[in-house]
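The values are calculated or read from the model by the stated rules, or taken from the named source; none is laboratory data. If you're wondering where the values come from, they're calculated on a predicted model, not measured in any experiment. Don't worry about glycine lacking a Cβ; one is built from the backbone with ideal geometry, like all the others, and counts go over all protein chains shown. Protein only, heavy atoms only, side chains kept; ligands, DNA and RNA dropped before computing areas. Shrake-Rupley method; radii C 1.70, N 1.55, O 1.52, S 1.80 Å.
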Amino acid sequence: MRIVRAKVMGFCFGVRRAIEMVQAGAKEGPIDSLGSVVHNPVVVDKLRASGVRVVSSLQEVSAPTIAVTAHGRGPEITEEAQRLGVRLIDATCPIVRKAQKAAAKLVDEGFRVIIYGEADHPEVRGVLAWTKGQGLAILDPEEEVEIPRRKVALLSQTTKSEESFVQFVSRFVAHNIGRINELRVINTTCPETDERYHAARELAEECDLIIVVGGRNSANTRKLAQTCRDAGVETYHIETAAELDPAWLEGKEVVGVTAGASTPDESIDEVVERLAELAQRRAAPTNPTEGKPCAV
Ligand code: SF4
């Protein structure tokens with residue numbers, strides 16, 4: 001059995017940067033992180049051990065430092081940190097920051113900002129917070145939306161694929177064109193996530209089983225698993241190597257491994273090592289006399 005790694009997988013630069021910033025800050029004292037720095041329980045446990053606690057709101061903050069994750073927050077966070085008298089580590093990913101700034105500028109120019117994305121996703125909530133109430137997140141391009149002043153701008157949640165954003169834009173325009181005078185499309189999809197989807201599709205072409213490693217609460221890891229299933233390959237989404245079931249490998253010749261943008265390298269390596277062990281065990285003769293010269 002051959003084990004193949006996806007050409008691109010695991011931590012994206014935004015998540016890696018956020019973890020490094022928070023780890024460096026934790027050396028100077030405890031930190032309360034507003035949400036998980038990364039949607040991965042293995043990393044969250046490690047950070048907790050180094051003094052980083054996850055809190056869900058500012059009311060819970062008791063540490064002298066708070067951290068904003070790669071997903072970002074609304075513009076009011078700087079003032080709130082000052083009011084609370086805490087130090088702020090802002091690890092907002094530069095790509096997310098670009099989307100926040102674009103949304104704020106478009107609203108100032110009179111556009112209705114529509115984000116293609118999940119309204120309850122922390123990144124989307126953060127970008128919406130920059131729109132002074134003039135933004136909206138939807139997934140269905142045919143959902144009825146108000147377009148005051150007939151000016152509309154379309155942005156995407158960063159982890160949506162470019163392809164799905166293109167479809168969203170074209171269907172939205174087809175549905176609403178009679179009510180639009182001016183349209184802006186800002187491509188805020190993240191090339192890092194797109195690269196992972198492409199690599200997963202490529203992997204699916206040569207594998208008969210794919211293992212996707214990453215937190216079950218990670219939207220991009222779940223999407224990666226769905227991409228592999230859509231390509232017609234048997235796929236399992238696991239968080240750790242301990243979840244690998246040897247039965248999945250029965251009759252399989254090429255097993256692919258990929259991982260979401262929030263999965264640490266060590267989790268991927270553990271899965272690959274465990275797969276190699278299982279493959280070796282499968283290749284070993286079950287009969288201890290098998291292969292030995294006949295004694296009679
Ligand atoms: S997936 Fe892209 S946008 Fe999101 S944190 Fe990573 S690099 Fe930034």
### Per residue accessible area of the chain, 1.4 Å probe, in Å²
49 Å²
#### Entry: For Val257, distant residues with modelled amide H under 5 Å away
Val4, Arg5, Ala6, Ile211
### Query
Which lysines, on any chain, are close to Lys98 with Cα under 22 Å apart, when same-chain ones fewer than 8 places away are left out?
Lys132, Lys151, Lys160
### Query
When all protein chains stay in place, what accessible area (Å², nearest 10, 1.4 Å probe) is found for Glu234?
70 Å²
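Just to make sure I understand: if all protein chains stay in place, what is the order of Ile268, Ile3 by accessible area at 1.4 Å, largest first?
Values: Ile268 5, Ile3 50 Å².
My answer, sorted largest first, is Ile3, Ile268.
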#### Entry: Pairwise label distance in nanometres, Gln23 with Leu136, each label 7 Å out on the Cα-Cβ vector
4.3 nm
### Message
Just to verify a number: FRET efficiency for Ala174 and Arg281, C-beta to C-beta distance, R0 = 45 Å, to 0.05?
### Response
0.25
### Area of Ile19 that stays accessible when all protein chains are in place (1.4 Å probe, Å², to 10)
10 Å²
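What is the magnitude of the charge dipole of region 179-246 about its Cα centre, with +1 placed on the Cβ of each Lys and Arg, -1 on the Cβ of each Asp and Glu, and no other charges, expressed in debye to the nearest 20? Walk me through the intermediate numbers first.
Details: 8 positive and 13 negative charges, 107 e Å.
Once rounded to the nearest 20, the dipole reads 520 debye.
For the chain, what's the relative contact order in percent, using C-alpha pairs closer than 8 Å and at least 6 residues apart? Mind dumping the intermediate values first?
Values: 544 pairs, mean separation 61.1, N = 296.
Normalised by residue count, the contact order of the chain is 21 percent.
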#### Entry: Accessible surface, 1.4 Å probe, highest first, among residues Tyr236, Tyr197, Tyr116
Tyr236, Tyr116, Tyr197
